[in-house]
Amino acid sequence: MTRTAPHSPDRTATTGGRVLNVALWVLQVAVAGFFLMSAMGKFTNAEPAASTFEAIGLGDWFRHLVAVLEVAGAAALFVPRLAGTAALAFVGLMCGATLTEAFVSGGGVFLPLLLLVLSAVIAWGRRASIAALWARLTGR
């Protein structure tokens, strides 16, 4: 059995992979926490959720649906096999939120854009889990 030198490329790649994994987990916890807080605002009809969903004009059922999706996605960010797919779903959700803020409710787009980018980073970092889930679902 051979041992790798402390500064060999294999050891560095492994250490870099671990650092990336830890960074992704920290990001996943932060993003999940934000979406859970956001969902609570929607469930309680707090501002700005109340006025935003009123401007959309789809009723309370849509506000509750988005809140349920946020809670489910936040929970899925803690499941290794689902984290990438949940982040990808949040990218789609935040695309809709950004467009809604920009063109319907007239609110600020910074926060939904930030969450879109952070979710995209998670999805990219967890792309192997997305591919594995897709392969399992399609039988490829």
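The values are calculated or read from the model by the stated rules, or taken from the named source; none is laboratory data. Not measured: the values here are computed from a predicted model. Note that each Cβ is placed from the backbone with ideal geometry, even for glycine, and that neighbours are counted across all protein chains shown. The area values use the complete protein model at the heavy-atom level, side chains included, leaving out ligands, DNA and RNA. Shrake-Rupley method; radii C 1.70, N 1.55, O 1.52, S 1.80 Å.
I'm trying to understand the selection: among the residues of the range 55-105, which are touching a residue at least 40 places away in the same chain (Cβ under 8 Å) and not in a helix (DSSP H, G or I)?
LEU77, PHE78, PRO80, ARG81, LEU82, listed by residue number.
Got a sec? Which of ARG140, ARG136 is free of Cβ contacts under 8 Å to residues at least 12 places away in the same chain, among the basic types (Lys, Arg), part of a helix (DSSP H, G or I) and more than 16 Å from ALA30 (Cα to Cα)? Before the answer, list the steps.
Details: ARG140 fails: part of a helix (DSSP H, G or I).
Answer to the selection: ARG136.
Given GLU70, GLU47, GLU101, which one is of a type outside the set (A, V, I, L, M, F, W, C), modelled with pLDDT under 90 and surrounded by 12 or more Cβ atoms within 10 Å (Cβ to Cβ)?
GLU101
Filter the range 21-44 for residues that are open to solvent by less than 40 Å² (accessible area, probe 1.4 Å) and among the polar types (S, T, N, Q); which is nearest to ALA87 (Cα to Cα)? Walk me through how you get there before you give the answer.
First, the residues of the range 21-44 that are open to solvent by less than 40 Å² (accessible area, probe 1.4 Å): 24, 27-28, 31-33, 35, 38-39, 41-42.
Then keep just the ones that are among the polar types (S, T, N, Q); that gives 28, 38.
On the way: GLN28: 8, SER38: 16 Å.
Per the criteria, the residue is GLN28.
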